[in-house]
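Asker: Have a look at this one before I ask anything.
Every read-out reported here was derived from the displayed coordinates using simple, explicitly stated rules and does not represent laboratory data. This is a predicted model, so every value here is computed, not measured. Ideal geometry is used to build each Cβ from the backbone, glycine not excepted, and the neighbour counts take in all protein chains shown.
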Amino acid sequence: MLSRSAARRKDRRHRRKQSKDWCRIYVLREIEGGPIRYVGQTQQSAQMRLWWHLKDLRKCKERGWHLSPVKKWLDSLPCPPIIEVIEEKGIWDLSEAVWIDRLRHRGEPLLNKAGVVR
């Protein structure tokens, strides 16, 4: 198993080889196999993106800012959510919207605001 810094370096090298509109599409769910609550896109590793979600939640709470539905959901969880990459070679903005529409059509209780592909 790679050390944390070695894993970051490997991920950074991988990202540099990709086109500028490349992204990973990921989902958040409370428990393994549970309903998908959020679809997102990132060029970071999945674990790093989850870390940033949780850091942003802490910052918003410390400053007394309004919490979005996703942040409220994250705040209500007894432990960090499960993050899963569902597409490794997505196209920035387009792939996320397609997955949101696809999962909403499937009946997943998503907290995402946007997602309509026109």
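Asker: Taking the alpha-carbon distance from Lys61 and a cut-off under 17 Å, which aspartates and glutamates remain once sequence neighbours fewer than 8 residues away in the same chain are dropped?
Answerer: Of all the aspartates and glutamates, those that pass the test against Lys61 - Cα under 17 Å, at least 8 places apart if same chain - are Asp75.
Asker: Can you give the charge dipole size of region 22-105 about its Cα centre, rounded to the nearest 20 debye, using +1 on the beta carbon of Lys and Arg and -1 on the beta carbon of Asp and Glu? Present the calculation step by step, with values, prior to reporting the outcome.
Answerer: Numbers: 14 positive and 11 negative charges, 70 e Å.
The calculation lands at about 340 debye.
Asker: By how many nm would the segment from Ile91 to Gln47 grow when fully extended, if each residue of separation counts as 0.36 nm and the alpha-carbon distance is taken off?
Answerer: 13.9 nm
Asker: Full extension from Lys61 to Ala6: what is 0.36 nm times the residue separation minus their Cα-Cα distance, to one decimal in nm? Could the numbers behind the result be given before it?
Answerer: Values: separation 55, 0.36 × 55 = 19.80 nm, distance 3.22 nm.
Full-extension gain reported as 16.6 nm.
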